[in-house]
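Reading through the structure tokens given below for one structure.
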Amino acid sequence: ACAGVLISDTQLWNEASPIEIPYLLVDKTQKIPTVTLPPYEPADDDAIALIQHTSGSQGTPKGVQLSYGGLRRRLAWGLTTAPLTSNDIGCLKTAPAFVDAVGELLDSLLADMVLVVPDPDQARSPYELAKMVRHHRISRLVMTPSLADAFFALPEAQNLPLRVLVLG
């Protein structure tokens, strides 16, 4: 399968590229190609939606298949257990291959939230993460228990604007 439209800019995209797909250069005015999409059909609950990787806290990291049904239930849980709003600000700090990234990204998109994306060094440093949470007024944060222990031991992590903390 091929992408429907490639989005890039003139600095990154060579228009003489041998790839023959529609493209949109965001820094150049151009007509967006019309694409006819097939009718929407929801996937079966048992169909595989994605593969996520565990942290390996119980041994070796491994890939875990997540079904569409499981993904739907996870998103429904997030929407009802700790409802988010468009006034919340999240932090997308987990690498996309790991399980916490699903909640960080999809829960936030469903709530129409702003997401702050730190660089990897900021995401791993409890001190830098605390500074970023305060600076950007992040109200929803997902972290591992070990990061949370180090994070909340810091004076900089006291009295933050966090409203929802998810430990996974």
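Within region 144-162, if we keep just the residues that are of a type in the set (Gly, Ala, Ser) and either in a loop (DSSP other than H, G, I, E, B) or open to solvent by 40 Å² or more (accessible area, probe 1.4 Å) (or both), the residue that is modelled with the lowest pLDDT turns out to be Ser146.
One residue stands out in region 35-48 among those that are assigned to a loop (DSSP other than H, G, I, E, B) and β-branched (Val, Ile, Thr): the one that is modelled with the highest pLDDT, namely Thr36.
What pairs come out if I take residues in region 71-99 that are at pLDDT below 90 and pair them with residues that are hydroxyl-bearing (Ser, Thr, Tyr) whose C-beta lies under 9 Å away, six or more apart or interchain? Matching pairs, first to second residue: Phe98/Thr54; Phe98/Ser55; Val99/Thr54; Val99/Ser55. The criterion of being open to solvent by 30 Å² or more (accessible area, probe 1.4 Å) and touching a residue at least 12 places away in the same chain (Cβ under 8 Å) holds for Val114.
Listed by first and then second residue, the pairs linking a residue in region 22-34 that is closer than 11 Å to Leu6 by Cα and at pLDDT 75 or above to a residue that is surrounded by 13 or more Cβ atoms within 10 Å (Cβ to Cβ) and not basic (Lys, Arg), with Cβ atoms under 7 Å apart and 6 or more places separating them unless they lie on different chains, are Leu25/Ser8; Leu25/Trp13. From the list Leu115, Leu165, Leu141, the lone residue that is touching a Cys at 6+ places or on another chain (Cβ under 6 Å) and part of a strand (DSSP E or B) is Leu141.
Okay, residues lined up against (1) in contact with a helix residue (DSSP H, G or I) (Cβ under 7 Å, 6 or more places away or on another chain); (2) in contact (Cβ under 8 Å) with a residue 40 or more places away in the chain; (3) aromatic (Phe, Trp, Tyr); (4) over 30 Å from Tyr68 (Cβ atoms):
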position	(1), (2), (3), (4)
Asp107	yes, no, no, no
Gln122	yes, no, no, yes
Ala130	yes, no, no, yes
Leu141	yes, yes, no, no
Pro145	no, no, no, no
Pro155	no, no, no, yes
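The values are calculated or read from the model by the stated rules, or taken from the named source; none is laboratory data. Everything quoted here is computed from the prediction, not taken from an experiment. Neighbour counts are summed over all protein chains in view; Cβ atoms, including those assigned to glycine, are modelled from backbone coordinates with ideal geometry. Quick note on the areas: whole protein, heavy atoms, side chains included, nothing else; ligands and nucleic acids left out. Shrake-Rupley method; radii C 1.70, N 1.55, O 1.52, S 1.80 Å.
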